[in-house]
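A short worksheet on the structure shown next.
The values are calculated or read from the model by the stated rules, or taken from the named source; none is laboratory data. From a predicted model like this one, the values you see are computed outputs, not experimental measurements. Neighbour counts run over all protein chains shown; Cβ positions are idealised from the backbone, glycine included.
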Amino acid sequence: MLKLKSFIAAVGVTVMAASALAADITGAGATFPFPVYAKWAEAYKAATNVGLNYQSIGSSGGIRQIRAKTVTFGATDAPLSGADLDKDGMVQFPMIIGGTVPVVNLDGFKPGELRVTGPVLADIFSGKISKWNDPKFAALNPGKNLPNDIITVVHRADGSGTTFNFTDYLSAVSKEWADGPGKNATVKWPAPTSVGGKGNEGVAANVNRVKGSVGYVEYAYVKKNNMNFMQVQNADGKYVSPDDLTFAAAAASADWFSVPGMGISMVNAKGANSWPISTASFILMYKNPADKAASAEALKYFDWAFKNGKKLANDLDYVALPDSLTNEIRSKVWSQIQK
C-alpha cells in the first residue's frame, strides 16, 4: 500500500512537471481516473519519450479547459450530452471504468464490515440520518457496536464527475434525493454537517482526518489512502464490495452506442455481482482540432493505453475497456477527428 501511495505521488509530480517538454500531450479534468492516467503516462514516456501533462482538476475544470482550447483533451466523468457535443464540435468516448465508493472514519470496524442500502445512504447524505447508531442504519448492521456520534458528511467542493456519478446513484435509489438535490457535478448538500474537499484527494484527506465522517471517492483513492469502505446493496439485493470484478460486472451489459457521445449511466446495474456505483470516465476532443499534430499525439497515447494498459489499470482496480469496444471507438469516434 505504501509503495502504491508513493508511486502515485511520485508520478503525479512527474506528470505535472512534464509540461517543460514541447512534445508532451496536454489534458485536464477528472480526478477519478488520475491514478491510472499517471501510471500509463510513466510507462508511455518510457516507451516513446513523450510525456503527459495532465491537470487533475475535476471534471468541470476539464470541460472548461477543453472549451477554452488550452489543452488537447478534456476528461470528465459527467458526460456531455449529444447536443452539447454537437454545439462544441467535439467527440466523446470512454477511456476507463471504475467505481465510486462510500468511505467512513469509524474506529473498530474493518473495511467492508459495515453495510448500507441505497435509500439509507441517501438519508445519510441528506442529513435525515445524523448519527451512526440511527435505527435504520443499525438494522442493516445487527450486532455491531455503532457509536452515538454525529455523522459529518464530506463531499466534493469542486465541480466533479465523481459527484455526478454518486448523485446519479442516489437519485436512482431515492425519489426524495432525485426530487431534492438531484444529480449533477455540483449539488447543494442538505446535511447540516456537510464539509467540502477539493478533488478525490481532498475528500479522502478530510474523511481520514474527521472522526465519524462519511464521504465518497474513486476506489483507487480508497486503496491509496487505506480507507474504510462500506459494502453497498446492489439492484439484485446482494451486498457487494468494490473491486475490478464488481465494476466489470456492472459494465457487462452496457449499450455504449445507445446514447449520443456514449455517455451512458451504469448506476444500479442489474447483476448479482455488480457494484451499484460504477461509472466510466470520458475523453473530450475536437473534431477539427486547432493543432492537429497535438491531437494525433493524444490519440497515439490513448491507442497505446487501450492496447498495453490493461494490466496497469487492473493493478489499481480499474476496468480496461474490452478490445471489441476500443475497436469500435477507433472506427466510429476517432474517425471523426480530422488528421
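Side notes on the structure shown:
- Close contacts from the range 51-72, counting a first residue that is assigned by TED's automatic domain parsing to the domain that holds residue 90 and part of a loop (DSSP other than H, G, I, E, B) and a second that is surrounded by fewer than 24 Cβ atoms within 10 Å (Cβ to Cβ) and among the hydroxyl-bearing types (Ser, Thr, Tyr), with Cβ to Cβ under 7 Å and a gap of 6+ residues or different chains, come to 71/26; 72/26; 72/295.
- Any hit, the range 316-331, residues being farther than 22 Å from residue 79 by Cα and either within 18 Å of the chain's Cα centre (by Cα) or surrounded by 15 or more Cβ atoms within 10 Å (Cβ to Cβ) (or both): yes
- Residue in the range 162-183 that is surrounded by 19 or more Cβ atoms within 10 Å (Cβ to Cβ), over 16 Å from residue 118 (Cα atoms) and not assigned by TED's automatic domain parsing to the domain that holds residue 60 present: yes
- Residue within the range 229-240 that is over 28 Å from residue 137 (Cα atoms), of a type in the set (Gly, Ala, Ser), touching a residue at least 40 places away in the same chain (Cβ under 8 Å) and crowded, with 17+ Cβ neighbours inside 10 Å present: no
- Each residue in the range 161-181 was checked for being in contact with a Ser or Thr (Cβ under 6 Å, 6 or more places away or on another chain) and either outside any helix (DSSP H, G or I) or of a type in the set (S, T, N, Q) (or both), and 2 pass.
- Scanning the range 104-113 for residues that are more than 22 Å from the chain's Cα centre (by Cα) and of a type outside the set (Gly, Ala, Ser) yields 106, 107, 109, 110, 113.
- Candidates 298, 272, 293, filtered to the one that is assigned to a helix (DSSP H, G or I) and in contact (Cβ under 8 Å) with a residue 24 or more places away in the chain: 298
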